[in-house]
Amino acid sequence: MIVNTISSCIATDKVEESKEFYIKHFDAKITFDCGWYVNLQFGNKSSELQFMAPQQLEQPKCNCAGLMYNLAVDDVDQEYKKLTDAGLEPVMPLEDHPWGDRGFAIKDPNGVMLYIYSEREPKQEFKQYYR
């Protein structure tokens, strides 16, 4: 199988809050919005998220505990300042990591952890794991 793109769709009662959060803080663009389902695009065609209100009683809402999205950015320090100045509280502090990045984390309205990072040179003990 050749997958051309992959994206995540979160079933939630917070479609509107999610849409506004990602537009405000991540410059997301709406590519589809019928009220109960929204598709957001980030930077390029292969970076998308969808949020939808459950359409059937038996359709469960997403339990986002443990779900994390990794967002690679050019300047993590600039993004950290922008997001904390906007009042968002980091759930993981901004710091350098030996595996080869500098990053921090916040949560979205659904409880999804967003790990925002910029790549750095990994420490010697982690270089062996890269391919």
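List of remarks:
- One decimal place: the segment Leu57-His97 gains 10.1 nm when fully extended, by the rule 0.36 nm per residue minus the C-alpha distance.
- When mean projected area of the Cα convex hull in nm² is calculated for this entry, the matching label among (1) 7.8; (2) 10.0; (3) 9.4 is (2).
- Relative contact order [Cα under 8 Å, 6+ residues apart], region 67-131, whole percent: 37 percent
- With Cα atoms, 0 to 90° folded angle of helix 76-85 axis to the chain main axis: 50 degrees
- Projecting the Cα atoms of Gln59, Met92, Val3 onto the dipole axis of the chain, where Lys and Arg carry +1 and Asp and Glu carry -1 at the beta carbon, places Val3 farthest toward the positive end.
- With both labels modelled 7 Å from their Cα along Cα-to-Cβ, the Met68 to Met1 distance reads 2.5 nm.
- Tensor-based shape of region 1-59 (alpha-carbon gyration tensor, a/c under 1.5 rounded, otherwise prolate or oblate): oblate
- Contour excess over end-to-end distance, with Cα ends at Cys9 and Ile23 and 0.36 nm allotted per residue: 3.4 nm
- Percent RCO, i.e. relative contact order, over the chain, from Cα pairs under 8 Å lying at least 6 residues apart: 22 percent
- Normalised convex hull volume, region 63-131, alpha-carbon set, Å³ per residue: 95 Å³
- When the pairs Lys29/Lys61; Lys29/Lys82; Lys19/Lys82; Lys14/Lys107; Lys24/Lys82 are compared against a 22 Å limit on Cα-Cα distance, Lys29/Lys61 fall above it.
- The chain, helix-only ellipticity at 222 nm - DSSP H runs n ≥ 4, -39,500 (n - 2.57), divided by all residues, nearest 500: -5500 deg cm²/dmol
- Förster radius 22 Å - calculated FRET efficiency between Ser118 and Ala86 (Cβ-Cβ, nearest 0.05): 0.70
- Cα-centred dipole magnitude for region 63-131, charges only on beta-carbon of K, R (+1) and D, E (-1), debye, nearest 20: 240 debye
Rule-based calculations on the coordinates, nothing more; no lab input. From a predicted model like this one, the values you see are computed outputs, not experimental measurements. So basically every Cβ, Gly included, is an ideal-geometry build from the backbone, and we count neighbours across all protein chains shown.
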